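Right, one structure below, let's go through it.
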Amino acid sequence: MSIVIPTWNGGHKLSATLTHLRDFRARLDFSSEIVVVDDCSERSTQRIAIAFAENNDSTVVLRNETNRGKGHAVARGMLHASGDYRIFVDSDLAYPSCQINKLLLALEAGSDLAIACRVLPESRYVMSPTFFHYLYTRHLMSRLFNLLSQQILLPGILDTQAGLKGFTARAAEIVFSRQTLCGFGFDLECLFIARLHGLKIEQVPVDFYYSDEPSTISFARHGAGMLMDLLRVRLNGARGIYA
C-alpha cells in the first residue's frame, strides 16, 4: 500500500500526521510506503518532511519548485507510488488511520476506487462544541455544492470533496494520467474519469475528526472556481479529452 500526502505549509500538523502514520505502518502485516508531495512549502515544512524520510524506510519526498495546487500534488504522488493500493490523505489527517483500513478493505473486496463519504448514515462527525457553527456554514455550503455536482456531473456520488480516497494501481494510472485540473476541483475530475472508464466506486462511511479548521479551501473564496471546474470537466468529457 502507498499512502500519498500532498502538503503545502503543513508544518506541525504534517509532523503529527507523519508520526501517526509511522505508528500505523508498524502495525501492518504487509509492506507500505509513504509519498509526501511538498507543493513548494516554506522551509520548516520542507525540513520536517525530509527529516522524517531520512529516518523512516520506504518514505520519499517529492518537491514542486513552484506551487502547482493540490490536484497536481496528488496526481504526482499517485503516479510515483508503487503500491498495489494507493490512498491519499490530507496532511492534517482529519481521518484517523483506522479509516484508511476501511478503504483498503473495500479495495481488496474488488472496488477500483474507495472514497470517504461523510454523509452516509453510518458516518460520524467528532468535534468540539466550539465548532458547531461549522454545521451551518461550511458543511451546508459543501452539501449545496455536492447537490450541484450530482445534477451536472456525478449522480449518486454523495461526497466528492473528502480528503481520503483510495485507488487500485490500475485505477490510479487510468485516472491520474488523464487528470488536467490542479486546483480543488480535481476530485470532481478524477471521479468523472473513473466513471467514464467504467471503474467501480464504493462510498465508505467514515469518522471525521474536526478539531481545527482542517482545510485551505474556502467556499466563499473558491466557490466560483469550483463551479467553473464542474463545467470544465463536463466540457472536457464532451470533447473526448478523458478517453
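Coordinate-derived values only; no laboratory data. Keep in mind the model is a prediction, meaning the values are calculated, not measured. In this analysis, Cβ positions are derived from the backbone assuming ideal geometry, glycine residues included, and neighbour counts consider all displayed protein chains.
A dipole drawn for the chain from +1 and -1 charges on Cβ atoms has a positive end, and of His197, Leu147, Leu79 the residue lying farthest that way is Leu147. Across the range 2-239, the mean sequence separation of Cα contacts (distance under 8 Å, 6 or more residues apart), normalised by length, yields a relative contact order of 24 percent.
Kindly point out which whole DSSP H helices in the chain project their C-alpha atoms 27 angstrom or further along the helix axis while averaging a Kyte-Doolittle hydropathy of -0.5 or above.
On the way: long enough: 219-239 (30 Å, 0.10).
Going by DSSP H runs, the hits are 219-239.
The Kirkwood radius of the chain, taken over pairs of alpha-carbon atoms, gives through the Stokes-Einstein law at 4 °C and 1.567 mPa s a diffusion coefficient of 71 µm² s⁻¹. Counting only residues at least eight positions apart within a chain, or on another chain, the lysines with an alpha carbon under 20 Å from that of Lys200 are Lys102, Lys165.
Sort the following peptides by mean Cβ neighbour count (other Cβ atoms within 10 Å, averaged over residues), highest first: 60-69, 97-106. All intermediate terms of the calculation are to be shown ahead of the outcome.
On the way: 60-69: 14.4, 97-106: 18.6.
Per-residue mean Cβ counts within 10 Å order the peptides as 97-106, 60-69.
Peptides 192-202, 229-239 ordered by packing proxy, namely the average of other Cβ atoms within 10 Å per residue, highest first: 192-202, 229-239. Neighbours of Arg170, meaning other residues whose beta-carbon lies under 10 angstrom from its beta-carbon, give a summed charge of -3 when Lys and Arg score +1 and Asp and Glu score -1. Quick check: from the Cα gyration tensor, does the range 1-88 come out rounded (a/c under 1.5), prolate or oblate? Oblate, because a/c is 1.5 or more while a/b does not exceed b/c.
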